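Read the figures in this text as sums done on the coordinates, not as results from a lab. As the structure is a computational prediction, the values presented were derived from the model and not from experiment. Here the Cβ is made from the backbone with ideal geometry for all residues, glycine too, and neighbour counts use every protein chain on show.
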Amino acid sequence: MSEPQVVPFAATASEPEAPGIVSRAVQVNGVRWAVVQYEPGVLREEWCDEGHSGYVLEGAVIYEFQDGRPALAVSGGEGFTLPDGSGHRGRAGADGVRLFLIDRAG
């Protein structure tokens, strides 16, 4: 078990991830934690196979899945999980979205 620590998001610069998407990412015990912001209506172009857990801080996001399963709509105040290998990508709602994400370890 690691020692207690503060995760310094405020001291971490925002970095572009993709067009219309920026994040503040910090490594916590070898796992990426990030606050991610999408501009209104932005669709992440690439598919992601890595699993995530998250919480919508503001706005809304719709995750679509490459295998055609029904989309997952998540709004402010709701959490979500996306399994490894699910082939997913997010689209921000009309007002954009701000998320807190934790990537899967390993």
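Odds and ends about this structure:
- Applying both filters, DSSP loop and at most 13 other Cβ atoms within 10 Å, to the GluC sites (Glu not before Pro) of segment 17-47 gives 45, 46.
- Overall form of segment 15-103 per C-alpha gyration tensor (a/c, 1.5; a/b vs b/c): rounded
- Inter-centroid distance (Cα atoms) of segment 22-55 relative to segment 67-90, Å: 12 Å
- Each peptide in 61-68, 19-26 was scored by the mean count of other Cβ atoms within 10 Å over its residues; highest first, the order is 19-26, 61-68.
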